[in-house]
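What follows is calculated from the coordinates using simple rules that are stated; it is not laboratory data. All values reported here derive from a predicted model rather than from experimental measurement. Ideal geometry is used to build each Cβ from the backbone, glycine not excepted, and the neighbour counts take in all protein chains shown.
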Amino acid sequence: MSAAPEGRKFFFVRLMPGVMPGHVAAYLWAAFVSIGIFTYATSLQPYLLEVNIGAPAEQRGQISGDLQFWAEIITLLTVGFFGAWSDCVGRRIVYVVGFLITGLAYAAYPFADDINQLLIYRLIYAIGVAALGGMLATVLADYPVDADRGKLTGLSFVLNALGAVLFLVFLVKLPQIYQGFGATETEAGRFAYLTAAAVCVFSALVMLALKPGKPDQVTERVPLVTLIRQGIVAGKQPRIALAYAASFTARADLVIVALFLSLWVQLAATADGLAAADAAALQGTLFGIVQGCAMLWAPLFGWLADKIDRVTLVITATLLAIVGYGWMGFTPDPAEGGMAYGAAAMLGIGQISGILASQVLIAQEAPGPIRGAVIGMVGFFGALGILIISKVGGVAFDLWRPGAPFIIMAAANVLLLFYAMWVRSR
């Protein structure tokens with residue numbers, strides 16, 4: 001589609017008619033904070049379990065997995081509603097509501113007295129995340145012209161990563177900072193979550209600068225039964241089926257790194273005698289290595305994606321993921337540094353490789369007429385991966401070893417590797 005008649009641009013990105021540069025700036029703020037908002041509650045959750053609730057250490061893996069499991073169920077049940085609602089009332093209203101709901105959950109989360117209350121607040125949080133996650137992709141499709149959508153996507157991805165670093169590397173140290181100002185351990189955790197809640201409220205105000213009203217073009221929504229049928233039929237093609245399988249492992253990355261690595265570091269660090277706030281700060285260091293290596297590796301892997309066959313790319317990504325997850329899973333103590341830092345670096349490389357490989361494969365293989373159905377199934381298998389890994393990984397964390405979720409992910413990637421090699425041989 002051609003550029004807007006007025007010739008409006010956001011720097012190098014040409015915009016659709018009626019879209020102003022200020023609308024794009026507001027969206028990019030959402031892109032900057034969203035990934036951090038999606039993961040901060042999970043990454044700081046071990047601090048709450050240790051300090052505020054006092055959950056037994058031998059049960060924290062299952063508790064964390066169950067919280068993630070039920071939150072993902074709620075997200076799956078509500079994300080479609082928010083998408084349809086945004087077609088009726090506009091993206092701006094849904095974005096504002098999403099940030100306010102998420103902010104409410106952040107404000108309530110650290111005041112939970114037991115696991116049941118924590119679950120209630122986590123489900124409220126999941127509703128907000130469903131609204132925000134749906135709008136993140138939808139507005140990206142609304143604003144730029146087709147020819148420049150890749151440019152805005154790349155800019156959004158960079159801001160996603162920078163926001164994740166801000167939240168998971170720096171803001172995760174807030175309990176330690178607040179204790180330095182004289183707060184107790186319990187107060188410090190609450191202040192950290194309230195800070196995130198304030199970011200959500202501020203972001204809701206920024207979202208008022210998005211384009212108002214209904215979208216100019218609303219695509220027809222395919223009935224769910226038709227969507228599932230088309231996606232399943234397309235999965236009979238081996239390369240599309242491989243994309244489904246790759247999405248299963250790639251989407252679960254977020255759970256493994258944000259949920260179980262943070263819990264493992266918290267338990268190991270406190271067992272070594274560190275205070276809970278110091279353990280959270282150490283967790284931020286490991287996350288910084290993971291995210292930093294992912295950011296540095298992504299451009300190189302993206303360049304490789306255009307040079308080799310996309311199934312070969314999946315094989316390469318899977319090998320890297322096996323090394324990263326296996327290395328981290330068999331690390332004796334992630335709180336000691338050294339070996340853990342190397343494992344975190346390789347984990348970041350394997351994580352981003354798996355995500356990018358699955359995305360470029362399905363972008364290439366999804367047939368144009370049913371692309372929405374196929375990509376919808378990719379999302380379904382990704383959510384299924386989160387559900388299974390969060391549940392099984394949580395139980396294995398407690399009953400086997402803290403590195404068990406990473407070993408399980410390494411094993412899942414071994415199975416994916418064999419399947420990808422079979423597809424490539426054809």
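Please grab the % of Cα pairs in the range 319-367 that end up more than 19 Å from each other.
Summing the P(r) tail past 19 Å for the range 319-367 gives 36 percent.
About the Cα centre, and with charges only on the beta carbon of Lys, Arg (+1) and Asp, Glu (-1), how big is the dipole of the chain? Nearest 20 debye, please.
1440 debye
Do any chymotrypsin sites (Phe, Trp or Tyr not before Pro) in the range 270-374 lie in a DSSP loop with no more than 15 other beta carbon atoms within 10 Å, and if so, which?
Phe330
Provide the descending list of Cα extents for the chain along its principal axes, expressed in whole angstroms.
In descending order, the Cα extents are 62, 53, 39 Å.
Could you check the spin-label model distance between Phe11 and Phe170? Points 7 Å from the Cα along Cα→Cβ, value in nm.
1.8 nm
Which number gives the lysine pairs in the chain that have C-alpha atoms under 28 Å apart and are eight or more places apart or on different chains?
Total qualifying Lys-Lys pairs in the chain comes to 8.
Please state, rounded to one decimal and in Å, the Kirkwood hydrodynamic radius that the range 16-213 gives when every pair of distinct Cα atoms enters the mean of 1/r.
Computed over Cα pairs of the range 16-213, the Kirkwood hydrodynamic radius comes out at 17.4 Å.
Let me know the charge dipole size of the range 19-104 about its Cα centre in debye, to the nearest 20, where only the beta-carbon of Lys, Arg (+1) and Asp, Glu (-1) is charged.
Its charge dipole is roughly 320 debye.
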